[in-house]
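Report on the structure given below.
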Amino acid sequence: MFEHLDNLLINGLVAASLVYTLLFNALPDGLRSLIGGILGLAVVGRCLLSRPQPAAKATTILFVALALIMAFYYIFVMDPRDQAGLQYAEMSFRLLTGFAILQVFAFAPRVVSPTLLLVACVTVSVFGIAVAMTGEPVIYAELARPATFTGGPEGVHSTSYVMTAVFLGWITLWRAGYVGSRLTLAFTLPLLVTIVLYHVRSCWVMLLSYLLVSVMLHLRSSARPGHWLALPVMLGLALAAFSLSASIIDYSELSSGRTEAYSERLVMIAEREPMKLLLGTGTGSEMLTSSVWWWAKKNSHNDFIDFTIQIGIVGLGLTIAMMFLASLHLDRLQLPIFLCFAASSAVSNGLIGRPFIALLLLAFIGLRERANE
């Protein structure tokens, strides 16, 4: 009985996230927050009901420890005048929701309906491409991008992340044996063009990560002699290309100032007093000015650096441990998806901070290969 209800809950979360994402721009702010809060509570509640595997229980304990660090800092360290309690709770809960979603799909049985995932892929593809082609372009960072359908008036990043999730979803459905090559190609080609036109480079990194990890896993599983050499050779060539190009490419400009911001934040973290270094300075404290983004307070555009500012070295360690334990349970079909999720946060304010877009991507981890049904 519990298993049946659990399966309904997991598939219901996928369906609700799909509808929420598609209707996001049409929902009033209050209703949007209410629905997001209800979905978040459902995800966190399901996360706390951990599976019997030791790794799942250990991840749940790490998740609770992370929540306690956030609460401890607000109650015992932070000056109440620095941030309203409700605002602090909302930001902390949003962050925890992203980790809860990862745990739910990494450790739950492969029970997500392929039909539901196919409906999600078709719906988002048709709707997203239609809006991009017919809607008024968005001028963002002095560059014209296709029209957006989620994430608010300037939802370029959110829309691009959703389109990227669906692109990878099509590839996963094809690799799992649920859709044919022609149908996959018919949808993924226009999706890929649209993703490129949005100019969200963290999405490009996600696609590249998926490709590289999939190739490496394939070579690793191959029994042919010498294939194991491909991994160090590929990594060596990539490092050599980066080193040789450093003199002719301004990586700070290419990354929109991210590399300089990363450097500044890392120096700031290293110079902190022991208490702040270990436990951070609370959710919201990552919003700072920098020499490259001097006109407004911004996060570092790297979730892991932001975690270190918010929840300290201890919290970062708990985060990495949770993600590592989750990754150990993933196979050749699921691991590239998980690493795309992680890559988005390693180069930007990525999917960990966008929980219901993350859910649409990580739902494909819950897909069982057709041959194994």
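Listing for the model above:
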quantity: Theoretical FRET efficiency, 1/(1+(r/R0)^6), r = Cβ-Cβ of residue 58 and residue 139, R0 41 Å, to 0.05; calculated: 0.30
quantity: Simple spin-label estimate for residue 266 and residue 72 in nanometres, 7 Å along Cα-Cβ; calculated: 2.7 nm
quantity: Approximate spin-label separation residue 111-residue 320, in nm, with each point projected 7 Å along Cα-to-Cβ; calculated: 3.4 nm
quantity: Spin-label model distance (nm) - residue 86 vs residue 193, 7 Å beyond Cα toward Cβ; calculated: 4.7 nm
quantity: In order through region 341-357: 3J(HN,Hα) via Karplus (6.51 cos²θ - 1.76 cosθ + 1.60), integer Hz, x for Gly, Pro; calculated: 4, 5, 5, 4, 8, 7, 10, 6, 7, x, 6, 4, x, 10, x, 7, 6
quantity: For residue 280, distant residues with modelled amide H under 5 Å away; calculated: 312, 313
quantity: Local net charge near residue 184, Cβ-Cβ under 15 Å (Lys/Arg +1, Asp/Glu -1); calculated: +3
quantity: Among 135, 122, 71 - extreme Cα towards positive end, dipole of region 60-149, charges at beta-carbon; calculated: 122
quantity: Residues with amide H under 5 Å from that of residue 145, placed H, sequence gap 5 or more; calculated: 138, 139, 140
quantity: Sequence-distant residues sharing a close amide H with residue 298 (under 5 Å, placed H); calculated: 288, 289
quantity: Hull volume in cubic angstrom per residue (convex hull over the Cα atoms of region 267-373); calculated: 109 Å³
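Each value in this text was obtained by applying a stated rule to the coordinates, not by laboratory testing. None of these values were measured; they are calculated from a predicted model. Cβ sites come from the backbone with ideal geometry, for glycine too, and all protein chains shown count toward neighbours.
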